[in-house]
Amino acid sequence: MKGISSFSIADINKDKLPDIFIGQLWSEYPATGPDLLPSFFLLNNGFNDFTDNTTALQNRQSRRSRGSEWVDFDNDGDLDLFITNYLLEHDELWQNDGNGKFTNVIDAKGIEQIVTTSPVYYNHGTGCDWADYDNDGDMDLLLTQFMHPALAANGFEGTTIYKNAGAPNYTFQTSWNKNTYSDGSGIGYEETHSGGNFGDVNNDGLPDIILPVYYGCRYADFYVQNQNHTFSNATFDWGLEGITSGEDASFADFDNDGRLDLAFANNGLFRLFRNQMPTQNNSVTISLLSSSGNRNGIGSRVTVFAGGKKYMQEVTAGRGQRMQKPTTLHFGIEEASKIDSVQVRWSSKITQETFINVGKNSVVLLEEGKGSTSSAVEKLTSNIPEHSWLAAPNPNPIDQSATIRLGITTQGILEVDVIRPNGAIIANLSSLKNTIAGEYLLTWDCSTLESGVYFIRMLTTDGVYVQKAIITR
């Protein structure tokens, strides 16, 4: 393959083996003719080899792809694939149906609308990164784009953030303003943005952004996120001015001091920039060790609960343009005095495992099976109750575990959380996107929790229901 532009690795079919998508850009530059190269989606067959599964991306046409990343954008427990394409070609968002087939839903979800119709043109995609940048529980898209000034008046977009609206439709809204030719989130226009990466460099719980650039006499941009989820240019404040970078960049805490550092190119040479900015905020660095799936937990989702807030990330391998994030996850937790709990949804499972006694400002390894696992919800009957309800745990008081019965009257979102009296969420017992009306039973393993008063909270599309739980030992 001559034009490899991206690689993205994850366990797509939950068979405990990592699979791979390989994107290609073009066969030569400048592009002068039929230079399209195929991209490949390969399934790991368990025999140190891969099987071509590209047809699972139904009716996909070859495009000049620059970046890609696996992500669970719709919170249904399986991984979807985003591909950003160059040379005025449409980007792609392949939604996983959980049964081995993928459907391109880029138009239905509102990402990158058509710019011109005759001929049909879109934008110049150059990179991508996904993160829950606003801490609302779903993954948002940083879409970096190359855009010549002369194209702005025609409706083309520069680098922007596509915010995920969440359940039930998981559609996206761009912050790019086509009337002012600028991004409403505060990201300044730059013609040659070449990639981008989210990372919380000041540990305030809000991911910041690095944006590298192509070509000499063009300089990388660094943006710090504000509390209202806009961004301010802080390139000079953080000592990152005058850097001519390459295709992409990555944050990583290489010295384990609790602050993210930055790796990318400068004047054609690899450079590592150490974060020396003082901060009063705390952090935690988490690595996973999986026994049921790939060893590093690639494709797993980790949520940290601290100070009454929650922070969520996914473990990825391969992102944007030939770039690799660490499989170690760095979480800023502001000035939280302690971490209440850490919840892991392992890549090969739909259940959640909760870990407690995780120290702040620490580097920890969470091993699968060493926490307490909440059971997947079990459906008891399809009988539709007259009204939604949540029963108290049985038994109550509780020693090691309890069962919880519930009923819902309409199809929709079902979230069942364990919370402390101060409102801090310490465990998620169930998280289902399209729960069918009926009665359900779930099991709560609370053997690792200390004695005290807790509350079980059920969120549905038609209301919030709460029951008290008392743990005594």
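A few comments on the model shown:
- The single condition among (1) aliphatic (A, V, I, L, M); (2) closer than 20 Å to residue 190 by Cα; (3) out of contact with any Lys or Arg (no Cβ under 7 Å at 6 or more places or on another chain) that residue 252 does not meet is (2).
- Counted residues, the stretch 278-292 - those being outside any strand (DSSP E or B), among the hydroxyl-bearing types (Ser, Thr, Tyr) and open to solvent by less than 40 Å² (accessible area, probe 1.4 Å): 2
- Test: residue in the stretch 294-301 that is surrounded by fewer than 24 Cβ atoms within 10 Å (Cβ to Cβ) and in contact with a His (Cβ under 6 Å, 6 or more places away or on another chain): no
- Of residues in the stretch 191-201 being touching a Ser or Thr at 6+ places or on another chain (Cβ under 7 Å) and not in a loop (DSSP other than H, G, I, E, B), the one surrounded by the most Cβ atoms within 10 Å (Cβ to Cβ): 197
- Restricting the stretch 304-347 to residues that are assigned to a strand (DSSP E or B), among the β-branched types (Val, Ile, Thr) and under 17 Å from the mean Cα position of the chain (by Cα), the residue that is nearest to residue 78 (Cα to Cα): 344
- If the condition is being modelled with pLDDT under 90 and open to solvent by 80 Å² or more (accessible area, probe 1.4 Å), then the stretch 37-50 contributes 47, 48.
- Flag if residue 195 is closer than 25 Å to residue 328 by Cα and modelled with pLDDT under 90: yes
- Within the stretch 101-158, restricting attention to residues that are open to solvent by 10 Å² or more (accessible area, probe 1.4 Å) and of a type in the set (Val, Ile, Thr), the residue that is nearest to the chain's Cα centre (by Cα) is 105.
- Some residue of the stretch 51-58 being at pLDDT below 95, open to solvent by less than 10 Å² (accessible area, probe 1.4 Å) and touching a strand residue (DSSP E or B) at 6+ places or on another chain (Cβ under 7 Å): yes
- All conditions in (1) more than 26 Å from residue 8 (Cβ to Cβ); (2) open to solvent by 20 Å² or more (accessible area, probe 1.4 Å); (3) among the hydroxyl-bearing types (Ser, Thr, Tyr) hold for residue 341, with the sole exception of (2).
- Enumeration of residues in the stretch 69-101 that are in contact with a Ser or Thr (Cβ under 6 Å, 6 or more places away or on another chain) and part of a loop (DSSP other than H, G, I, E, B): 91
- Residue check, residue 204 assigned to a loop (DSSP other than H, G, I, E, B), open to solvent by 10 Å² or more (accessible area, probe 1.4 Å) and closer than 30 Å to residue 410 by Cα: no
- In the set (1) in a strand (DSSP E or B); (2) touching a residue at least 60 places away in the same chain (Cβ under 8 Å); (3) surrounded by fewer than 18 Cβ atoms within 10 Å (Cβ to Cβ), residue 447 fails one condition alone, (1).
- Here the condition is being part of a strand (DSSP E or B), open to solvent by less than 60 Å² (accessible area, probe 1.4 Å), modelled with pLDDT of 80 or more and basic (Lys, Arg); of 405, 457, it holds for 457 alone.
- Some residue of the stretch 8-24 being over 19 Å from residue 294 (Cα atoms) and part of a loop (DSSP other than H, G, I, E, B): no
- Looking across the stretch 241-262 at every residue that is aliphatic (A, V, I, L, M) and open to solvent by less than 20 Å² (accessible area, probe 1.4 Å), the one that is farthest from residue 160 (Cα to Cα) is identified as 260.
- Test: residue 235 is among the β-branched types (Val, Ile, Thr) and open to solvent by 30 Å² or more (accessible area, probe 1.4 Å): no
- Scope the stretch 86-100; condition open to solvent by less than 70 Å² (accessible area, probe 1.4 Å) and either of a type in the set (Asp, Glu) or under 23 Å from the mean Cα position of the chain (by Cα) (or both); matching residues: 86, 89, 90, 91, 92, 93, 94, 95, 96, 98, 100
- Some residue of the stretch 304-311 being open to solvent by 10 Å² or more (accessible area, probe 1.4 Å) and under 24 Å from residue 23 (Cα atoms): no
- Applying the criterion of being assigned to a strand (DSSP E or B) and more than 15 Å from residue 176 (Cβ to Cβ) to the residues of the stretch 108-125, the residue that is modelled with the highest pLDDT is 121.
The values are calculated or read from the model by the stated rules, or taken from the named source; none is laboratory data. This is a predicted model, so every value here is computed, not measured. Please note: Cβ atoms are built from the backbone with ideal geometry, for glycine as well, and neighbour counts cover all protein chains shown. Calculation scope for accessible area: heavy atoms of the full protein, side chains included, ligands and nucleic acids excluded. Shrake-Rupley method; radii C 1.70, N 1.55, O 1.52, S 1.80 Å.
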